[in-house]
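Okay, so here's the structure we're looking at.
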Amino acid sequence: MNMTFAEKILAKYAGETQVQPGQIVTVRPDHLLMHDNAAPIIAKIIPELKEYGVYSKDLPVIVLDHVIPAAAEKNALQHKQIREFVKTYKIPHFFDVGDGVCHQIILEKGLALPGTLILGSDSHTCSYGAVGAFSSGIDRTEAAALLLTGETWLKIPQSIKITLQKKLSRWVTAKDVILSIIGDVSASGADYCSVEFHGAVSQFSVDERFTIANMGVEMGAKNAMFPVDDVTMQYLSSIGVSKSKYKPVHPDAGATYERELTYDLSAIEPVVAVPHSVDNVKSISEVEGIEIQQCLLGTCTNGRVSDFKAAAKILKGKKVHPAVRLLLLPASRTIYLDAVQEGYIKTLVEAGGTVLPPGCGPCLGAHQGALAPGERCLSTSNRNFKGRMGCKDADIYLASPVTVAVSALHGKITDPRKEAKK
Amino acid sequence: MTIWRYKDNINTDMLFPGKYTYTCSTAEEIKPHLLEDLDPLFAKNVKEDDLIFAGRNFGCGSSREQPVLGLKAVGIAAVVAESFARIFYRSSINQGLLLIECPEAVKAYKQGDDVFLDVEKGTLSIGSKTFSFPKLPTEILAICDAGGLLPYTRQKLKQKKKR
């Protein structure tokens, strides 16, 4: 029988030849992601760790990214506890303060490979579908259990096939694609489902695929994936991973999908997700002119070199609007350095930007960049929930890096295509 | 018993604000902030055996265990919703918080209706109507029967050691 990506890869990890949606299987993931929450995770199982140890020292990947550098003693203590755990159990895949956001680290260190299975105690673990991995979010308790046993249960999901056709127009980005899709299918439209992207995907770089897969969870998806192609292989080769190191899993041509959707990319326009849900998506023309006080350019969704390049092109030689604070949040140290090397950071700082340490802090209101009541932020991040950036009486709008950069210049939400005509 | 009613897409930031995620992890630390930005009256007035009725996609958003721990700690008997987001659903199994996915029950409920939950029988009575909710699959029921994922894991590790 023909199988979807999720069916095929989960069958492989469950040691079955055939699986059905709804079936529950036991799997052993290749990696288990944790971040600052490794501290409370470890705290749950201190006696068990002493008695049984960790299942495998290669299983966990720990990245300090959520509250970095430590904002207060409590965070510093958690970070210290994590470092001690890493030392005691000789965990090789550990990344300390400043290395980057966990999801970007997993990708650029070659820890997520085509055909692998990764679970993580963070909802945006679904990002690694960008390189054809099956990856999904779990909670802290499940991460604790996995540390000890190396295994967990997964339900074989139904799959949704999204076929992308034609080419994106200029000034329209991968972010506009995924926001448009989420606006259509709704925040619950892919609940429990595996989402596969097919069709004209070769126009998207791994950076752009990451932006799209990263937001799969915003429509409720269990995972989101792109098929492995030349673009994937070239990317992996650029980070030193040769073809012999992975075996891609491709969905079968005649697989059964719960739903099939088709998008004409040439018809997609710049869009903005307005408060307070990611599926509250409006065409830019409907929200143009709304004044903003903060712009956040970066995060695991849009904090890569290509994103800073796009913004730097727009802001070169210009100044952001005096009423706007432009925060720059590179997704990793490597990206930060590359963006410095290329001059993009210089351009953006000269334009008035403030660089924050590579991490997650402002995106969830955990550290830096908090909003005041009545303020509005236009962000390239993935969530605009009420209270998300530390204040329940502030508004968060989500858009692409080009829309954010152009809007930062004008102090209000602006269609990036207008800037292009100047 | 109070029925707390909420709409669709109640996300994890509404259930427990992100700004507290790295400062609160015990039940006592979590309780005062439960549903803080959604319903400030909830943490003040919630009582043992209360129920939450909600629309679609309850618990969407982050992987955030605090709301589950908190709802369990204040004694919420069950969350009845039209549907749940998957990480929240798994997390509730792991903590032994009962979730009932039953759109018909949510739609049938009107303020003032008498509500009776019978966990053993797997039924929820609302006014004159009774709704049954399916038991969890056997593999998952074993986790609930053990009292949550950590007790289940401890059992499993002990059995392995004996062998």
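The values are calculated or read from the model by the stated rules, or taken from the named source; none is laboratory data. The structure displayed is predicted, hence computed values, not measured ones. As a convention, Cβ positions derive from the backbone with ideal geometry for all residues, glycine included, and neighbour counts pool all protein chains shown.
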message: Considering only residues that are surrounded by fewer than 19 Cβ atoms within 10 Å (Cβ to Cβ) and touching a Lys or Arg at 6+ places or on another chain (Cβ under 7 Å), which ones fall in the stretch A:92-122?
response: A:PRO92, A:GLY98
- request: Kindly indicate which of B:ILE143, B:ILE100 is within 14 Å of chain A (Cβ to nearest Cβ), surrounded by 16 or more Cβ atoms within 10 Å (Cβ to Cβ), β-branched (Val, Ile, Thr) and within 20 Å of A:GLY22 (Cβ to Cβ).
  value: B:ILE143
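Are any residues in the stretch A:53-82 outside any helix (DSSP H, G or I), more than 24 Å from A:SER135 (Cα to Cα) and facing chain B (nearest Cβ under 10 Å), and if so, which ones? Reasoning before the result, please.
Start the filter on the stretch A:53-82 by keeping residues that are outside any helix (DSSP H, G or I), which leaves A:53-72.
Of the ones still in play, those that are also more than 24 Å from A:SER135 (Cα to Cα) are A:53, A:68-72.
Within the stretch A:53-82, A:ALA70, A:ALA71, A:ALA72 meet the criteria.
Of the residues B:LYS121, B:LYS156, which single one is more than 26 Å from A:PRO21 (Cβ to Cβ) and part of a loop (DSSP other than H, G, I, E, B)? Full working, then the answer.
Values: B:LYS156 fails: part of a loop (DSSP other than H, G, I, E, B).
Of the residues listed, the single one that is more than 26 Å from A:PRO21 (Cβ to Cβ) and part of a loop (DSSP other than H, G, I, E, B) is B:LYS121.
Touching a helix residue (DSSP H, G or I) at 6+ places or on another chain (Cβ under 8 Å), closer than 28 Å to A:VAL97 by Cβ and not in a loop (DSSP other than H, G, I, E, B): which single residue out of A:LEU409, A:LEU337, A:LEU327 fits that description?
Working: A:LEU409 fails: closer than 28 Å to A:VAL97 by Cβ; A:LEU337 fails: touching a helix residue (DSSP H, G or I) at 6+ places or on another chain (Cβ under 8 Å).
Going through A:LEU409, A:LEU337, A:LEU327 in turn, just one is touching a helix residue (DSSP H, G or I) at 6+ places or on another chain (Cβ under 8 Å), closer than 28 Å to A:VAL97 by Cβ and not in a loop (DSSP other than H, G, I, E, B): A:LEU327.
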- prompt: Counting only residues that are more than 14 Å from the chain's Cα centre (by Cα) and either at pLDDT below 95 or of a type in the set (Phe, Trp, Tyr) (or both), how many does the stretch B:41-56 have?
  reply: 1
- prompt: What residue, of B:LYS129, B:LYS135, B:LYS121, B:LYS72, is farther than 29 Å from B:GLU36 by Cα and either within 14 Å of another protein chain (Cβ to nearest Cβ) or in contact with a Lys or Arg (Cβ under 6 Å, 6 or more places away or on another chain) (or both)?
  reply: B:LYS135
message: Between a residue in the stretch A:307-318 that is at positive phi and of a type outside the set (A, V, I, L, M) and any residue that is part of a helix (DSSP H, G or I) and surrounded by fewer than 22 Cβ atoms within 10 Å (Cβ to Cβ), which pairs come within a Cβ distance under 9 Å, given they are 6 or more apart or on different chains?
response: A:GLY317/A:THR347; A:GLY317/A:GLU350
- prompt: What are the residue pairs meeting all of these: first residue in the stretch B:51-69, first residue on the phi > 0 side of the Ramachandran plot and within 11 Å of chain A (Cβ to nearest Cβ), second residue in a strand (DSSP E or B) and surrounded by 24 or more Cβ atoms within 10 Å (Cβ to Cβ), Cβ atoms under 9 Å, and 6 or more apart or on different chains?
  reply: B:ASN57/B:ASN11; B:ASN57/B:ALA81; B:ASN57/B:PHE84; B:GLY59/B:ASN11; B:GLY59/B:VAL79; B:GLY59/B:ALA81; B:GLY59/B:PHE84; B:GLY61/B:ASN11
- prompt: Among (1) assigned to a strand (DSSP E or B); (2) of a type in the set (Phe, Trp, Tyr); (3) buried (at least 24 other Cβ atoms within 10 Å of the Cβ), where does A:TYR128 come up short?
  reply: (1)
query: Just for the stretch B:3-28: of the residues that are more than 7 Å from every other protein chain (Cβ to nearest Cβ), modelled with pLDDT of 95 or more and in a loop (DSSP other than H, G, I, E, B), which one is nearest to B:PHE58 (Cα to Cα)?
result: B:ILE10
query: Can you tell me which residue in the stretch A:211-231 is surrounded by the fewest Cβ atoms within 10 Å (Cβ to Cβ), limited to those that are within 13 Å of chain B (Cβ to nearest Cβ) and of a type in the set (D, E, K, R)?
result: A:LYS222
- prompt: Which of the residues that make up the stretch A:238-292 are crowded, with 16+ Cβ neighbours inside 10 Å and touching a Cys at 6+ places or on another chain (Cβ under 8 Å)?
  reply: A:ILE292
Of residues in the stretch B:16-52 being crowded, with 22+ Cβ neighbours inside 10 Å and in contact with a strand residue (DSSP E or B) (Cβ under 9 Å, 6 or more places away or on another chain), the one nearest to B:ALA81 (Cα to Cα): B:ILE52
- line: The one condition A:ARG209 fails out of (1) touching a Lys or Arg at 6+ places or on another chain (Cβ under 9 Å); (2) closer than 29 Å to B:ALA85 by Cα is (1)
- prompt: In the stretch A:153-168, is there at least one residue being assigned to a helix (DSSP H, G or I) and crowded, with 22+ Cβ neighbours inside 10 Å?
  reply: no
- request: Go through the stretch A:385-404 and give me each residue that's within 10 Å of chain B (Cβ to nearest Cβ) and either out of contact with any Asp or Glu (no Cβ under 8 Å at 6 or more places or on another chain) or under 16 Å from A:GLU218 (Cβ atoms) (or both).
  value: A:PHE385, A:LYS386, A:ARG388, A:MET389, A:GLY390, A:ASP393
message: Checking the conditions here, which among B:PHE84, B:PHE88 is touching a residue at least 60 places away in the same chain (Cβ under 8 Å) and facing another protein chain (nearest Cβ under 9 Å)?
response: B:PHE88
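Looking at the stretch A:257-278, is at least one residue outside any strand (DSSP E or B) and within 18 Å of A:THR4 (Cα to Cα)? Please lay out each step first, then the result.
Pass one, the stretch A:257-278, residues outside any strand (DSSP E or B): A:257-258, A:265-270, A:274-278.
Filter once more, so that each one left must be within 18 Å of A:THR4 (Cα to Cα): A:257-258.
Scanning the stretch A:257-278 turns up at least one residue that is outside any strand (DSSP E or B) and within 18 Å of A:THR4 (Cα to Cα).
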query: Among all residue pairs at least 6 apart or on different chains, which show Cβ distances below 8 Å where the first residue, located in the stretch A:38-62, is closer than 20 Å to A:ALA76 by Cβ and the second is surrounded by fewer than 23 Cβ atoms within 10 Å (Cβ to Cβ) and polar (S, T, N, Q)?
result: A:ALA39/A:GLN81; A:PRO40/B:SER25; A:ILE42/A:GLN81; A:ALA43/A:GLN81; A:ALA43/B:SER25
message: Report every pair of residues separated by at least 6 positions or lying on different chains whose Cβ atoms are under 7 Å apart, first residue within the stretch B:129-150 and on the phi < 0 side of the Ramachandran plot and without any contact (Cβ under 8 Å) to a residue 24 or more places away in the chain, second part of a loop (DSSP other than H, G, I, E, B) and loosely packed, with under 12 Cβ neighbours inside 10 Å.
response: B:LEU141/B:LYS135
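So if I check each of A:ALA273, A:ALA267, A:ALA213, which one is touching a strand residue (DSSP E or B) at 6+ places or on another chain (Cβ under 6 Å), within 17 Å of A:LEU164 (Cα to Cα) and of a type outside the set (Ser, Thr, Tyr)?
Working: A:ALA273 fails: within 17 Å of A:LEU164 (Cα to Cα); A:ALA267 fails: touching a strand residue (DSSP E or B) at 6+ places or on another chain (Cβ under 6 Å).
Going through A:ALA273, A:ALA267, A:ALA213 in turn, just one is touching a strand residue (DSSP E or B) at 6+ places or on another chain (Cβ under 6 Å), within 17 Å of A:LEU164 (Cα to Cα) and of a type outside the set (Ser, Thr, Tyr): A:ALA213.
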query: Based on what the data block shows, is B:LEU157 closer than 24 Å to B:VAL74 by Cα and surrounded by 14 or more Cβ atoms within 10 Å (Cβ to Cβ)?
result: no
